[in-house]
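Below: the structure, in structure tokens.
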């Protein structure tokens, strides 16, 4: 019975996973951006997402390049705090938790990110490149082949259209305030020029076990595998339809896991992030 229900749910998700009204016209959206963006993404281990973007200011030849990375699985990771620096002495006197971990906060990787970004902003490549073009880029911790891959993919892509989600931070993780009935929903997202470029939904159990880890380690039971499949279809639907509002799955309950709660969390993103004009 569960298998048949899942097939129906997934088919619905593929067709109409979200229902968004687009009240904005293109001319009003354009006023929110004075640049065009090309970007490429690379999923890494344990929730990390690397990204490389190329931006060109409208009606000019002013371009900028940015390579970086966020972790959309863990809301907090040790070693990725924001340093509080004494202005006069330059001494780190405290740290503050960031909204999510990102590579530039790492003492080990941050300096290499600076090297990469300075290199691309100096060279101003506008066409695909070869590894020899990166000979002068001296990095050891970050894989240069991945940097090359991301740049060539980004520069070869079409520019992003102007999207609706202009009132959200570019990247963030939000989660339910507390664990209820033994679990908690969490959502991480990445916005590029108002578009939902990436989303990662996590189900976290009472003991802080992640469903995604159970799947990767082949420790998930049949119900958990079914839950994970629906999560992946929801993620795909959100990207395809460019809307956080989930409609078809919110009444679904599998092994006491209620998707209504996930729908409520995503609704908050949609309400707070979408332009209203």
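The values are calculated or read from the model by the stated rules, or taken from the named source; none is laboratory data. Keep in mind that what you see is a predicted model, and the values were worked out from it rather than measured. Cβ sites come from the backbone with ideal geometry, for glycine too, and all protein chains shown count toward neighbours.
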Query raised in the report: Checking residue 177 against (1) touching a strand residue (DSSP E or B) at 6+ places or on another chain (Cβ under 6 Å); (2) modelled with pLDDT under 95, which test does it fail?
Result: (1)
Query raised in the report: Can you name the condition, by its number, that residue 107 falls short on among (1) within 30 Å of residue 238 (Cα to Cα); (2) at pLDDT below 95?
Result: (1)
Requested in this report: Answer with yes or no whether residue 116 is modelled with pLDDT of 95 or more, under 30 Å from residue 34 (Cα atoms), in a loop (DSSP other than H, G, I, E, B) and not assigned by TED's automatic domain parsing to the domain that holds residue 186.
Outcome: no
Query raised in the report: When you go through (1) in the same structural domain as residue 41 (by TED's automatic domain parsing); (2) crowded, with 18+ Cβ neighbours inside 10 Å one by one for residue 197, which number turns out not to apply?
Result: (1)
**Report entry** Which listed residue, of 251, 233, 217, is in the same structural domain as residue 183 (by TED's automatic domain parsing), surrounded by fewer than 17 Cβ atoms within 10 Å (Cβ to Cβ) and over 23 Å from residue 177 (Cβ atoms)
**Finding:** 217
Report summary line: When restricted to 217, 206, 202, the only residue closer than 24 Å to residue 69 by Cβ and over 18 Å from the mean Cα position of the chain (by Cα) is 217
Query raised in the report: Of all residues in segment 238-257, which are over 15 Å from the mean Cα position of the chain (by Cα), in contact (Cβ under 8 Å) with a residue 60 or more places away in the chain and either over 11 Å from residue 270 (Cα atoms) or not in a strand (DSSP E or B) (or both)?
Result: 241, 245, 247, 248, 249, 252, 254, 256, 257
Report summary line: Screening 156, 99, 132 for residues that are surrounded by fewer than 17 Cβ atoms within 10 Å (Cβ to Cβ), more than 18 Å from the chain's Cα centre (by Cα) and within 25 Å of residue 32 (Cα to Cα) leaves only 156
